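Input: a single structure, listed below in structure tokens.
The values are calculated or read from the model by the stated rules, or taken from the named source; none is laboratory data. Being a predicted model, the structure only gives us computed values, none of them experimental. Neighbour counts run over all protein chains shown; Cβ positions are idealised from the backbone, glycine included.
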Amino acid sequence: MTTSPPPAGPPSSSPSHLPLPYEETTDPHYAQEVVRNHALQQVKEDDYLIVFTCPRCGAAQEDPLFEPGFRSLRTAGAPAAGVAAASSTNTVLPMSCRCRGDIHAGCPDGRSGCGAYWTVEMV
Ligand SMILES: [Zn+2]
Ligand SMILES: [Zn+2]
């Protein structure tokens, strides 16, 4: 009668990484979050690393990017006051969550991530 239940709770190396079921989904907030909360590392002259946290599952990850002349990210389709849309030569960058760890149930073979995807623009 002295047995105590083992402490519940799954082991987690990344407490902020949510074990959501895999779902291919997007939301305007995803791009906004990533634009607001990413960090850029310049690896080589035109090689960058975008360091960000998945806006859906919260996993920290990085995305390599080769883009000469690249300066920053912004939200795709964001209304730019006073700027004519026709003058836009920005490159669209599709991004998606590629977290590792197999914590998202239903993730297809050969894929990683929670399924979240979004689009930003490079300026
Ligand atoms: Zn994840
Ligand atoms: Zn994710």
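Sort out which residues of the stretch 45-55 are within 8 Å of the chain's Cα centre (by Cα) and either within 12 Å of ligand 1 (Cβ to nearest atom) or modelled with pLDDT under 95 (or both), and write them in order of number.
Filtering the stretch 45-55 for residues within 8 Å of the chain's Cα centre (by Cα) gives 52-55.
If the condition is that a residue be within 8 Å of the chain's Cα centre (by Cα) and either within 12 Å of ligand 1 (Cβ to nearest atom) or modelled with pLDDT under 95 (or both), then Thr53, Cys54, Pro55 are the ones that fit.
Looking at the stretch 102-119, I want the residues that are closer than 21 Å to Val34 by Cα and away from ligand 2 (no atom under 13 Å from the Cβ) and have a partner that is at pLDDT 95 or above and among the aliphatic types (A, V, I, L, M) with Cβ atoms under 8 Å, at least 6 apart or on another chain. Which pairs are those?
Thr119/Ala31; Thr119/Met95
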